[in-house]
1. For V93, are the conditions met, namely being in contact with a Gly (Cβ under 8 Å, 6 or more places away or on another chain), surrounded by fewer than 19 Cβ atoms within 10 Å (Cβ to Cβ) and either modelled with pLDDT of 85 or more or farther than 25 Å from S166 by Cα (or both)?
2. Tell me which residues, restricted to the stretch 39-58, are of a type in the set (S, T, N, Q) and in contact (Cβ under 8 Å) with a residue 24 or more places away in the chain.
3. Hey, among G7, G72, which residue is under 27 Å from E199 (Cβ atoms), in a helix (DSSP H, G or I) and at pLDDT below 95?
4. From the list L150, L128, exactly one residue is within 19 Å of A200 (Cα to Cα), touching a residue at least 24 places away in the same chain (Cβ under 8 Å) and aliphatic (A, V, I, L, M). Which is it?
5. Check G171 against each of (1) free of Cβ contacts under 8 Å to residues at least 60 places away in the same chain; (2) at positive phi; (3) of a type outside the set (D, E, K, R) and name the one condition it does not meet.
6. Residues A191, A158, A200: which one is under 24 Å from F91 (Cβ atoms), under 17 Å from the mean Cα position of the chain (by Cα) and modelled with pLDDT under 95?
7. Exactly one condition in (1) outside any helix (DSSP H, G or I); (2) within 30 Å of L143 (Cβ to Cβ) is false for A200; which is it?
8. Find the residue count for the stretch 44-65, including only residues that are part of a helix (DSSP H, G or I), touching a helix residue (DSSP H, G or I) at 6+ places or on another chain (Cβ under 6 Å) and farther than 15 Å from F107 by Cβ.
Amino acid sequence: MFRTLLGQVGAPASAISPYNPLVVALVLLAAGATLSALFLFREARDSHPPSDRQSFAWLFGLVGAIALLVSGEIFWANWAGFPASQYTELFGVAQTLYAVVMLAAAFTIYHNLDPRPFAWMSAVCGLLLFQGARAIVSFDLTLSPAVSALIWVTAGLAAVVVLPASYAPTGSGTRRSLVYLGVLFAVVLAAASLGMGLEAHYSHIAEAMG
């Protein structure tokens, strides 16, 4: 699915190539976006019993922990067996920020903390994702730049909209509207990530089969 990210260029035939983690990263992103959409939707409707919030906290933490492992694969496993610094910067940074946001969300929800500090961190991470989308479009990165840019933009918007929502008065129409907007961004993000992940999964198998 992604240009020049498959195989091991210039390596001997007997060499062991590290696994390309893009499929796992995309599916994790889709899973986290789906969880976020459901959580925010229930928040907007004020339908979260305590046990339900704890379940979401554990699930966010699980996704974040696995995402952190995937970011390690991207940075330290020589990125599918050959140097590709632009993709390591693009996917590695984004995946690491995603893992941090998921883990921070889990901690905040589990301990029922004030969400505003988390919202500031989430918004800063989201702003960096906009720059990633700009790079994808500017340098025509990946085989589907439009879909990839959509993923980065919707992830950034979902991360940023949490900030004004956290400062809006509890129970107000403004807060509810902002949360529903976050749900919309998360749903689009989940659909785009899952679609690209499924296509990439098949493409990786097809590439291996020659």
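The values are calculated or read from the model by the stated rules, or taken from the named source; none is laboratory data. Fair warning: this is a prediction, and the values are worked out from it, not measured in the lab. Backbone-built Cβ (ideal geometry, glycine too); neighbour counts: all protein chains shown.
1. In short, yes.
2. Q54
3. From the options G7, G72, the qualifying one is G72.
4. L150
5. The number of the failed condition is (1).
6. The match here is A200.
7. Among (1) outside any helix (DSSP H, G or I); (2) within 30 Å of L143 (Cβ to Cβ), the lone unmet condition for A200 is (1).
8. Adding up the residues that qualify gives 1.
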